[in-house]
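Inspection log for the structure reproduced underneath, given as structure tokens.
The values are calculated or read from the model by the stated rules, or taken from the named source; none is laboratory data. These numbers were taken from a predicted model, which means no experiment stands behind them. Side chains included, ligands, DNA and RNA excluded: accessible areas come from the protein's heavy atoms. Shrake-Rupley method; radii C 1.70, N 1.55, O 1.52, S 1.80 Å.
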Amino acid sequence: MPAIALSVHLSRPEASLRGWAWLLALPVVVLALGISGEMMMPDRLPMMTRLIGHNAILCLSVIPVLSLPILAGGGCWRCATARRHAPHWPGALAGLLSAGLAATLYAAHCIDDSPLFVATWYTLATALVTAIGALAGAKWLKY
């Protein structure tokens, strides 16, 4: 999980994002490879069925609900980066971290495993929680 590695790295006062930002592209590359592999396989289900799945709305609601307690107690709220950067960055990183952990928990129970489904609905849920974290960080991390 790149967000865990980044939050641990950025928790030190002397740390910077230089040389570590590429970690955020890692999940995008893995999903792109998964979608490419799925597109090369013979059609087992129509593409819209693979994209929407059976639990799209459930995914969009459960991942944020699971991630809110993790976000509230997130360890990188007190990130040292809040001293050097705008306070929404540590909040966004806490949101990304909590959404990643919640998505991992949810994926253990979700029957929709198509890379198209994961790339669409998990990404939307993660973006929502990251935005909530950024807004909360901008409000509560000012000092």
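Summary of values
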| item | result |
| --- | --- |
| Complete set of residues in segment 92-115 that are among the aliphatic types (A, V, I, L, M) and at pLDDT 90 or above | Ala99, Leu101, Ala102, Ala103, Leu105, Ala107, Ala108 |
| Residues (part of a loop (DSSP other than H, G, I, E, B) and either among the small types (Gly, Ala, Ser) or under 11 Å from the mean Cα position of the chain (by Cα) (or both)) located in segment 96-143 | Ala108, Ser114 |
| Residue in segment 29-42 that is under 17 Å from Leu105 (Cα atoms) and assigned to a loop (DSSP other than H, G, I, E, B) present | no |
| Qualifying residue in segment 53-64 (condition: among the small types (Gly, Ala, Ser), modelled with pLDDT of 85 or more and open to solvent by 50 Å² or more (accessible area, probe 1.4 Å)) | yes |
| Residue in segment 74-82 that is modelled with pLDDT of 65 or more, outside any helix (DSSP H, G or I) and at positive phi present | no |
